[in-house]
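So the structure is just underneath, and the comments pick up after that.
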Amino acid sequence: MQHVDSPLTPRTGPTLCSLIHLLEEAADRLQHHGLSPLQRIHILRGLYYGTSHSLDFERRNSRLRNWGFNIYLQASSPPDPTPMLGACLVRSLKDTTVVWHGDRRVDAGHILVGLEARTRLGATRLPLWGQGGTGLELGTWLGDLGGAAGLLVLQRLEDPAARAVPLLFSTRTYDLRPNLEGDVAGYLVARNPIVTGRVSMVRAERFVSVAQSLEDYTKEPESDWADRWEIFTRLLGGELGPAGRLLRRQELLAWVRRKTRRFMIWYLLYRLRDAGRLSQAALIEASRHVEGAAVELAELFLTVIEQGLNPGSSQALPDLPASPPGSPWDLLALGRMRGA
């Protein structure tokens with residue numbers, strides 16, 4: 001068993017409280033320049049994703065990723081707020097992207113992506129053709145699962161026995177847990193509690209600020225933080241039984257697997273092209289690992305959900321063996337369609 005996010009993990013680094021203070025200062029400065037609350041979400045999201053001045057661009061240097069995030073959010077590229085916020089505050093916000101709250105790490109950029117998606121009905125409700133989900137899903141949990149599954153496939157091109165958990169749930173390589181916590185928060189921060197059974201839109205008349213919404217989300221005793229995984233699971237269509245037990249698990253697992261596989265195909269094409277490795281031979285070999293990676297990521301995602309539903313349970317993820325390669329399939333067909 002691979003242990004992650006152990007209570008013994010050193011909790012160093014910024015906290016959610018420190019992020020809230022930075023966001024309060026940012027809100028004051030942006031409001032001083034006449035920006036509305038929803039415009040402030042848009043501006044702040046651009047510090048993390050979808051712009052040439054974002055933290056994501058600093059790390060990936062990908063204009064295609066910028067384009068993708070803005071397509072998913074049905075938004076223009078946010079302008080650089082440095083003249084309004086000042087370089088020091090902008091840097092501080094970027095350096096506070098992953099924060100501690102209790103014994104959990106949460107990614108702030110994913111929260112802002114979810115918040116902005118929920119300001120637009122199309123991004124929240126309408127699936128994008130061939131991508132596997134809505135803009136909200138693709139900008140949050142589905143994008144994370146599909147991207148992580150794609151990374152696993154790329155690793156298996158070099159080492160077919162590579163396992164998912166050491167690669168995708170480790171601070172030494174790539175840790176999905178903070179992203180998933182941010183994804184859940186992106187669905188629930190500024191949620192209208194009256195709306196049940198579907199994702200709550202972020203409405204201008206109700207929204208005050210990102211900082212206030214984050215404080216409301218986590219402040220005890222009346223907050224969504226303690227029940228976040230239960231609420232999120234129901235929004236995904238999951239059914240819960242006694243003691244937080246996930247009912248009809250296989251149906252939910254199959255649904256997540258299908259969506260993850262669909263987005264993973266596009267992600268793999270992007271990564272192979274970006275690395276200069278896009279060829280028929282690479283597509284054929286990668287396609288043999290697609291189904292196995294999708295199955296494993298779906299299983300790990302549901303395990304994370306079940307651990308969230310039962311916080312007293314073990315924090316160990318199953319150290320799944322690498323799925324054996326299968327037969328080539330529609331990754332090759334999609335590559336030909338795109339002129340690979």
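The values are calculated or read from the model by the stated rules, or taken from the named source; none is laboratory data. These numbers come from a predicted model, not from an experiment. Please note: Cβ atoms are built from the backbone with ideal geometry, for glycine as well, and neighbour counts cover all protein chains shown.
For the stretch 122-142, indicate whether the set of residues that are buried (at least 22 other Cβ atoms within 10 Å of the Cβ) and either touching an Asp or Glu at 6+ places or on another chain (Cβ under 7 Å) or part of a strand (DSSP E or B) (or both) is non-empty. Checked against the condition, which is being buried (at least 22 other Cβ atoms within 10 Å of the Cβ) and either touching an Asp or Glu at 6+ places or on another chain (Cβ under 7 Å) or part of a strand (DSSP E or B) (or both), the stretch 122-142 yields at least one hit.
Being in a helix (DSSP H, G or I), at pLDDT 95 or above and under 20 Å from T196 (Cβ atoms) is the filter here; which residues of the stretch 226-254 pass it? Break it down into steps so the answer makes sense when it comes.
From the stretch 226-254, those in a helix (DSSP H, G or I) are 228-235, 242-244, 249-254; that's our starting set.
Within this subset, residues satisfying the condition of being at pLDDT 95 or above are 228-235, 249-254.
Within the stretch 226-254, R228, W229, E230, I231, F232, T233, R234, L235, L252 qualify.
For the stretch 101-116, a residue qualifies if it is out of contact with any Phe, Trp or Tyr (no Cβ under 9 Å at 6 or more places or on another chain) and part of a loop (DSSP other than H, G, I, E, B), and exactly one does: D103. Selection of helices (runs of 4 or more DSSP H) fully inside the stretch 25-100 by the criterion of at least 1 residues being more than 23 Å from R203 (Cβ to Cβ) returns 55-60, 63-72, 82-85, 87-95. Of the residues L302, L272, L253, L309, the single one that is surrounded by fewer than 18 Cβ atoms within 10 Å (Cβ to Cβ) and not charged (D, E, K, R) is L253.
Of the residues S54, S62, only one is within 29 Å of W100 (Cβ to Cβ), surrounded by fewer than 20 Cβ atoms within 10 Å (Cβ to Cβ), under 20 Å from the mean Cα position of the chain (by Cα) and not acidic (D, E); which? Don't jump to the end; show me each part of the working.
Details: S54 fails: surrounded by fewer than 20 Cβ atoms within 10 Å (Cβ to Cβ).
The match here is S62.
Within the stretch 158-178, being surrounded by fewer than 17 Cβ atoms within 10 Å (Cβ to Cβ) and not in a loop (DSSP other than H, G, I, E, B) holds for E158, P166. When the stretch 38-79 is filtered for residues that are of a type in the set (S, T, N, Q), at positive phi and touching a residue at least 24 places away in the same chain (Cβ under 8 Å), only Q74 remains. Just to be sure I understand the filter: pairs with C-beta atoms under 6 Å, separated by 6 or more residues or on different chains, first member in the stretch 187-213 and over 14 Å from S223 (Cα atoms), second member assigned to a helix (DSSP H, G or I) and charged (D, E, K, R). Which pairs pass? Filtered contacts from the stretch 187-213: A211/E24.
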